[in-house]
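As structure tokens, the structure follows; a few thoughts come after it.
The values are calculated or read from the model by the stated rules, or taken from the named source; none is laboratory data. Just so it is clear, the model here is predicted, and its values are computed rather than measured. Heads up, the Cβs are rebuilt from the backbone with ideal geometry, glycines too, and the neighbour counts pull from every protein chain shown.
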Amino acid sequence: MKRMCMLLAASTAFVLSPACIAGVSNVFVSNVGDQSLSLIRCVTSNGKNPIKCEEKERMDAGFGTSWPANQYDGHPAWWWSGLGGEVIGVKARASLSPLKNANNMVTVDTYDLPGAPVKTGSRSNFIGISPDGRTAWNSAREIDEIQEIITDPAHPNFGTIAHRIPVPDFDPSSGPTGSNGAARPCDATITPDGRYFMEPDLGGESLTVVDTVTKQIIHQVLPPLADGSDKVMPFMATTNGKIVLVENLELDNTYDIWDVSNLPDEPQHLKKLTQADGLGVNAQTSEFTPNGRYAYLIMNGVPDEPSDSPDASRLDVLDVREDSGTYLKIVNSIELPQNCGAHTGDFSNDGRYFFVNCERTDELVVVDSETETAVASIPVGDRPRGVVVR
């Protein structure tokens, strides 16, 4: 969820306030193939063509990011993402030109521990900005650690690790590897009040919950197995403060849905989504729509179809409104371009549009959340992955 525009209730319908009707969204796209950044400028309005987008700039960056911190903005001039052994902060809001100055990028060494594994090129840090923007919480998969990082540029210790929390491994059979730990904390999501941080443990099989005030793990809960699986392997998570959606690698990929509305009480498992529920295959991540009505589940395939089939990448639309008759059911699937290879996405500043990468076709796709259709695509650099809006 990004930049929650004020919602006005009109009987049971939700409408955007006038302040959200028009605006500019600067979409930064990280192209991992050539380690470049593209800046796409999109203008939205109530006119005949409600959104117009074009690539304004592209430059060599020297890094490629896959999973930027999209849930909250933090300090508006900065955005953050994880790399192998590092977290990177980038000061760029409406242009790429500030990145020609080294002072507008900061890296945080997340390997700063004795005996840490050998650094690799994998993007194994997953960072989430706290709602107040002062700190971020990072899942350091390589060293089984949760880290609180100071992200307030006015703080004297900006860009340093303030607290470290070791993550216990609930599945000893996983074991550490040459480049990763045993529990392998694998994503970052924070409740809207900033009080609780949650992350799935790819190796440990658990969902870990941290109290950000006491800086302690308060729960590690284990999801049930799907029929026919022997490992769940949770790897991504997103929360709206009421539920948390967790993507799993088990079988053709599944979702677990946990009730976290009563934290600090233990999360309660509500549902496991599988292909029998209409779920696609090869789950990537998910984002809640800014109006709170749905969650977009970014899927990279459908059962029994090749990766280049027309519907191989899609957004499965999950109903997350509690008073709905289809609560926690998939109510639609939004088709993305053929052979897209979608992974990540972010919403426009007015909340209407969703921007999602197509890694295989080197483009950024624009989805209209009102019509639930892809309405535009913009060429970018080689193998786009990370998408963040400012």
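For (1) surrounded by 18 or more Cβ atoms within 10 Å (Cβ to Cβ); (2) in contact with a Ser or Thr (Cβ under 6 Å, 6 or more places away or on another chain); (3) over 22 Å from Ile88 (Cβ atoms), each residue gets a yes or a no:
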position: Ile149; (1), (2), (3): yes, no, no
position: Pro153; (1), (2), (3): no, no, no
position: Pro172; (1), (2), (3): no, no, yes
position: Gly175; (1), (2), (3): no, no, yes
position: Ala183; (1), (2), (3): yes, no, yes
position: Ala188; (1), (2), (3): yes, yes, no
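Candidates in the stretch 190-218 are the residues that are more than 17 Å from the chain's Cα centre (by Cα) and either closer than 14 Å to Pro131 by Cα or among the small types (Gly, Ala, Ser) (or both); of these, the one that is surrounded by the most Cβ atoms within 10 Å (Cβ to Cβ) is Gly203.
Taking the criterion of being in contact (Cβ under 8 Å) with a residue 60 or more places away in the chain, part of a strand (DSSP E or B) and surrounded by fewer than 21 Cβ atoms within 10 Å (Cβ to Cβ), the residues of the stretch 36-66 that qualify are Ile51, Glu54, Glu55, Arg58. Being aliphatic (A, V, I, L, M), out of contact with any Ser or Thr (no Cβ under 6 Å at 6 or more places or on another chain) and within 27 Å of Glu287 (Cα to Cα), is that true of even one residue in the stretch 197-208? Taking every residue of the stretch 197-208 in turn, at least one turns out to be aliphatic (A, V, I, L, M), out of contact with any Ser or Thr (no Cβ under 6 Å at 6 or more places or on another chain) and within 27 Å of Glu287 (Cα to Cα).
Please pick out the residue among Ser174, Ser179 that is at pLDDT below 95 and touching a helix residue (DSSP H, G or I) at 6+ places or on another chain (Cβ under 9 Å).
On the way: Ser174 fails: touching a helix residue (DSSP H, G or I) at 6+ places or on another chain (Cβ under 9 Å).
Testing whether each residue is at pLDDT below 95 and touching a helix residue (DSSP H, G or I) at 6+ places or on another chain (Cβ under 9 Å) leaves just Ser179.
Taken together, Gly85, Gly133, Gly89, Gly159 contain a single residue that is within 23 Å of Met233 (Cβ to Cβ) and among the small types (Gly, Ala, Ser), which is Gly85.
Tell me yes or no: at least one residue of the stretch 345-363 is among the basic types (Lys, Arg) and not in a strand (DSSP E or B).
Start the filter on the stretch 345-363 by keeping residues that are among the basic types (Lys, Arg), which leaves 352, 360.
Okay, now just the ones that are also not in a strand (DSSP E or B), so 352, 360.
Yes; the residues of the stretch 345-363 include at least one that is among the basic types (Lys, Arg) and not in a strand (DSSP E or B).
Within the stretch 165-185, residues that are aromatic (Phe, Trp, Tyr) have Cβ atoms under 7 Å from residues that are assigned to a loop (DSSP other than H, G, I, E, B) in these pairs: Phe170/Gly204; Phe170/Glu205; Phe170/Ser206; Phe170/Leu222, counting only partners at least 6 apart in sequence or on another chain. Within the stretch 356-372, residues that are more than 15 Å from Asp346 (Cβ to Cβ) have Cβ atoms under 7 Å from residues that are at pLDDT 95 or above and of a type in the set (Gly, Ala, Ser) in these pairs: Asp362/Gly381; Glu363/Ser377, counting only partners at least 6 apart in sequence or on another chain.
Scan the stretch 170-210 for residues that are within 25 Å of Asp259 (Cβ to Cβ) and part of a loop (DSSP other than H, G, I, E, B) and report the count. Walk me through how you get there before you give the answer.
We begin by selecting, within the stretch 170-210, every residue within 25 Å of Asp259 (Cβ to Cβ); these are 170-171, 183-210.
With part of a loop (DSSP other than H, G, I, E, B) added as a condition, the list becomes 170-171, 183-184, 186-188, 191-195, 202-206.
Adding up the residues that qualify gives 17.
Between Cys358, Cys340, the distinction of being at pLDDT 95 or above and buried (at least 22 other Cβ atoms within 10 Å of the Cβ) belongs to Cys358 only.
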